Amino acid sequence: MTPNPGSLANLKVIDASRVLGGPYAGQVLADHGADVIKIEPPAGDETRGWGPPFLDETASYFLGLNRNKRGMALDISQPAGLELLTRMLEGADVFIENFKTGTLERWGLGREEIERRFPRLIHCRVSGFGADGPLGGLPGYDAAIQASCGIMSVNGELGGTPLRVGLPVVDMVTGLNAVIGILMALNERATSGKGQFVETTLYDCGVSLLHPHLPNYYLSGKVAAPSGNAHPNICPYDTFATGTDPIFLAVGNNRQFSTLCRTIGREDLPEDPRFASNGERNVNRDALKIELEKALAAHECDVLADTLIKAGVPCGAVRSIDQVVADPHTKHREMVVDIGAYRGTGSPIKLSRTPASYRMAPPRFAEHTSEILDALAIDHDRYSDVLPGHDPVKPARAKTA
């Protein structure tokens, strides 16, 4: 069967970004049908070496961000490489890059020049801090931004020291915001006929994640500190010990609290003035945790979690990565994707008529160069000096699902 073309099948995207935020944005577009060409520098995207584990000498880190893309390598720092890039941009709708601020300008292809030469192009830049301001042009990596934008200051055990969130949340939300910005600009272009510059920075996106801590600070003036798994505004909303494994209870209203207490045999707790409302439970959260864990000790975590969630109480057993992959619901939601030896994480964006499709495993280094140049009717020999890893005599073999 011919794969569903996807909601973005009419888009042509040049993804010259590296590492995480930009490549993740490119993969989101590619999963939904966009023709995404990933351009790597002569040494390759550095995440190809961020392992183990490796598959055919390519690290899992790279594999997780570059599915459904055609790949080529190009030395853009050379005049011929820059010329080839501009020829590719002539037919593109979107250009994603995360070059250090000033790099494209130094090569004569800055924001204004791109706008002049390609007036319909959506130019998306992912950077650490943006081009201007006190920190403009400085480099940024996820963990360092977590520190500087305040995320680490609210993460960690109660009374403990600030702790990095255990996944690159800033990079990933920056990539998602890049996609949102690109789609907004494309929608506007349908009316105006004009492209525009889209910018997402790690710093801005990191600050934007500080909910509810920033709203709390705006209103109270109190600076949040690490509080473990507990929520600053909602109670009980924390990890609790059971007779087996820990369970996370996310109780958002009085009805859910009553259901929880009835299920664990503590119908009296909602009648206790200390626990009658969320505000009171928040003030008396330590006493409430003691009472709840006394009752929870008689229950098996997995059984209780299943009972509670089916009764309308948001909760979850605290599980490991392998348990998540093995879960039947993970499979049902098509969140694990296999293409030959490649295994990846599925798209969380579900569309009824034009769902995501998984057509190609992440490209080997410079794998699709011949295919890309041939489609653009570009002479291989003319640019051979700026096409590392390309053998025009033996074209790369495209992977198919």
Picking from LEU109, LEU85, the residue that is out of contact with any Phe, Trp or Tyr (no Cβ under 8 Å at 6 or more places or on another chain) and assigned to a helix (DSSP H, G or I) would be LEU85
I need the full set of residues from the stretch 28-54 which are of a type outside the set (Gly, Ala, Ser), out of contact with any Ser or Thr (no Cβ under 7 Å at 6 or more places or on another chain) and within 12 Å of PRO363 (Cα to Cα), in order please.
VAL36, ILE37, LYS38, ILE39, GLU40, ASP45
Any chance you could count how many residues in the stretch 234-275 are in contact (Cβ under 8 Å) with a residue 24 or more places away in the chain, open to solvent by 40 Å² or more (accessible area, probe 1.4 Å) and over 15 Å from PRO314 (Cβ atoms)?
7
Condition check for LEU210: within 30 Å of LEU138 (Cβ to Cβ), modelled with pLDDT of 95 or more, buried (at least 16 other Cβ atoms within 10 Å of the Cβ) and hydrophobic (A, V, I, L, M, F, W, C)
yes
Could you check how many residues of the stretch 143-158 are open to solvent by 60 Å² or more (accessible area, probe 1.4 Å) and either part of a loop (DSSP other than H, G, I, E, B) or within 18 Å of THR239 (Cα to Cα) (or both)?
2
When (1) among the β-branched types (Val, Ile, Thr); (2) crowded, with 24+ Cβ neighbours inside 10 Å; (3) out of contact with any Asp or Glu (no Cβ under 7 Å at 6 or more places or on another chain) are applied to ILE14, the one that fails is (2)
Meets criteria (under 16 Å from ARG18 (Cα atoms) and in a loop (DSSP other than H, G, I, E, B)) for PRO42
yes
Where the second residue is assigned to a loop (DSSP other than H, G, I, E, B) and among the acidic types (Asp, Glu) and the first is under 16 Å from PHE99 (Cβ atoms) and open to solvent by 10 Å² or more (accessible area, probe 1.4 Å) and lies in the stretch 18-37, which pairs have Cβ atoms under 8 Å and are six or more apart or on separate chains?
ARG18/ASP45; VAL19/ASP45
So is LEU292 in contact with a Pro (Cβ under 7 Å, 6 or more places away or on another chain) and in a helix (DSSP H, G or I) or not?
yes
Can you say whether GLU371 is touching a strand residue (DSSP E or B) at 6+ places or on another chain (Cβ under 7 Å) and either at positive phi or open to solvent by 60 Å² or more (accessible area, probe 1.4 Å) (or both), as far as the supplied structure shows?
yes
Filtering the stretch 276-323 down to residues that are buried (at least 16 other Cβ atoms within 10 Å of the Cβ) and among the aliphatic types (A, V, I, L, M) yields LEU288, LEU292, ALA295, LEU296, LEU304, ALA305, LEU308, VAL313, ALA317
Number of the exception - THR161 against (1) at pLDDT below 95; (2) among the polar types (S, T, N, Q); (3) assigned to a helix (DSSP H, G or I)
(3)
When you check ALA9 against the structure, is it out of contact with any helix residue (DSSP H, G or I) (no Cβ under 7 Å at 6 or more places or on another chain) and within 15 Å of LEU63 (Cα to Cα), yes or no?
no
Evaluate the stretch 317-327: report whether one residue or more is touching a Pro at 6+ places or on another chain (Cβ under 7 Å) and either charged (D, E, K, R) or closer than 17 Å to ALA230 by Cβ (or both).
yes
Scan the stretch 48-105 residue by residue and report those that are basic (Lys, Arg), under 20 Å from TYR24 (Cβ atoms) and either open to solvent by 10 Å² or more (accessible area, probe 1.4 Å) or touching a Lys or Arg at 6+ places or on another chain (Cβ under 6 Å) (or both).
ARG48, LYS69, ARG70, LYS100
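The values are calculated or read from the model by the stated rules, or taken from the named source; none is laboratory data. Source: prediction; values computed, not measured. Note that each Cβ is placed from the backbone with ideal geometry, even for glycine, and that neighbours are counted across all protein chains shown. Side chains included, ligands, DNA and RNA excluded: accessible areas come from the protein's heavy atoms. Shrake-Rupley method; radii C 1.70, N 1.55, O 1.52, S 1.80 Å.
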